[in-house]
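Q: Below is the structure I would like to discuss, written out as structure tokens.
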Amino acid sequence: MKFADFLRSQLTDIVDYYQQYLRRTIGTTIIFTAICFVIAALLLHFNEFSGRAGKNQISLLNYFFLSYNTGEVYSIIDLTKDVFIFFVALFSIGFARLEKEGIPAELTFSQFTRKINVKDIMVLAGILILSAIIDYTLFKMGVYSAGHIRNRSVDKYIHGTIFQLRIYIPLILFSLGVYVLRTSEKVKLKVRNILFLYISLWLFNEFAYELFMWCRYHVFALVLMPFDKSDSYYLLESVPGIVLITFFFLGYHATLTKATSTEV
């Protein structure tokens, strides 16, 4: 398949998924998202910030997209996005298995959970742990680069590359994990599949980030303007934030599964 055809097919799939299944899956994805926010709050409780970052904290919503690792201090709150993708992968496995049987008119959370077994959870939990180890290793590589590479241009390039790897390695690993669990086959993908997967993930991830920024500064800020000076502002922002993050489940499901299930 040519890249243009793949991209057209990918975009069509995303739109079709939203049109057909957004309403039917909203209950399940809200529950998954709420769990993500609870875990993010726990990570924040045990997190260590560097310098001013700890004094200027924002809502839990931001930890899904923004990085808070600065200097030599590693912030475990940056793993929030990986936790989110873990739940997207669980959703994706359940959804794919339900698709084989025909998606019912009304989907419940219990219907999804019945399609997910212990092996699925163990494999995806293993990928989550591996992603956390890789993330920490890449962070330390960035710290080493900053302290030992004197050429500013080279150091800047390394940091930019590490930043991208910290975002997309977990996404690719979870995509491969979902592929194996869905098909019960060993990974037999071409380099071209991985390249198409990366491009697909990059496109939707950038869309998700831009939509997040737009909603936060133009919608949430307007709705919550009466609470701007309130200590509970960021807690209140998490309420529409849960709805926004919920919206991304189907899109990430489509991007996680398309390139690995299509002959390219």
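The values are calculated or read from the model by the stated rules, or taken from the named source; none is laboratory data. Quantities reported herein were computed from a predicted structural model and do not represent experimental measurements. All Cβ positions, glycine included, derive from the backbone under ideal geometry; neighbour counts span all protein chains shown.
Q: So which of E210, E237 is of a type outside the set (V, I, T) and within 30 Å of E99 (Cβ to Cβ)?
A: E210 is the lone residue from the list that is of a type outside the set (V, I, T) and within 30 Å of E99 (Cβ to Cβ).
Q: If you don't mind, another one. Looking only at the stretch 206-240, which residues are among the charged types (D, E, K, R), at pLDDT below 90 and part of a helix (DSSP H, G or I)?
A: Within the stretch 206-240, R216, E237 qualify.
Q: Another one. So which of L195, L171, L201 ends up being within 21 Å of S67 (Cα to Cα) and free of Cβ contacts under 8 Å to residues at least 60 places away in the same chain?
A: Just one listed residue meets the conditions, L201.
Q: Just one of the numbered conditions (1) in contact with a helix residue (DSSP H, G or I) (Cβ under 6 Å, 6 or more places away or on another chain); (2) modelled with pLDDT of 95 or more is not true of M122; which one?
A: Unmet condition: (1).
Q: Does any residue of the stretch 94-109 turn out to be surrounded by 15 or more Cβ atoms within 10 Å (Cβ to Cβ) and closer than 24 Å to I199 by Cα?
A: yes
Condition check ((1) within 28 Å of Y144 (Cα to Cα); (2) in a helix (DSSP H, G or I); (3) modelled with pLDDT of 85 or more) across all residues:
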residue: A41; (1), (2), (3): no, yes, yes
residue: N47; (1), (2), (3): yes, no, no
residue: Y63; (1), (2), (3): yes, yes, no
residue: T80; (1), (2), (3): yes, yes, yes
residue: F86; (1), (2), (3): no, yes, yes
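Q: Considering only residues of the stretch 119-155 that are among the charged types (D, E, K, R) and either touching a His at 6+ places or on another chain (Cβ under 9 Å) or surrounded by 16 or more Cβ atoms within 10 Å (Cβ to Cβ) (or both), which is farthest from S175 (Cα to Cα)?
A: D155
Q: Look through the stretch 200-223, keep the residues that are surrounded by 15 or more Cβ atoms within 10 Å (Cβ to Cβ) and either more than 15 Å from the chain's Cα centre (by Cα) or of a type in the set (G, A, S) (or both), and return whichever of them is farthest from Y233 (Cα to Cα).
A: Checking each candidate, the answer is S200.
Q: While we're looking at this one, here's another question. For I116, are the conditions met, namely being buried (at least 16 other Cβ atoms within 10 Å of the Cβ), within 21 Å of the chain's Cα centre (by Cα) and not in a helix (DSSP H, G or I)?
A: Working: buried (at least 16 other Cβ atoms within 10 Å of the Cβ): yes; within 21 Å of the chain's Cα centre (by Cα): yes; not in a helix (DSSP H, G or I): yes.
Against the criterion (buried (at least 16 other Cβ atoms within 10 Å of the Cβ), within 21 Å of the chain's Cα centre (by Cα) and not in a helix (DSSP H, G or I)), I116 qualifies.
Q: Of the conditions (1) at pLDDT below 90; (2) in a helix (DSSP H, G or I); (3) closer than 22 Å to F6 by Cα, G177 satisfies every one except a single condition; which number is it?
A: With (1) at pLDDT below 90; (2) in a helix (DSSP H, G or I); (3) closer than 22 Å to F6 by Cα applied to G177, the lone miss is (1).
Q: T137 is checked against (1) in contact with a helix residue (DSSP H, G or I) (Cβ under 9 Å, 6 or more places away or on another chain); (2) at pLDDT 85 or above and fails just one. What number does that condition carry?
A: Failing condition for T137: (1).
Q: I would also like to ask the following. Kindly indicate whether L236 is without any contact (Cβ under 8 Å) to a residue 24 or more places away in the chain, in contact with a helix residue (DSSP H, G or I) (Cβ under 7 Å, 6 or more places away or on another chain) and surrounded by 13 or more Cβ atoms within 10 Å (Cβ to Cβ).
A: In short, yes.
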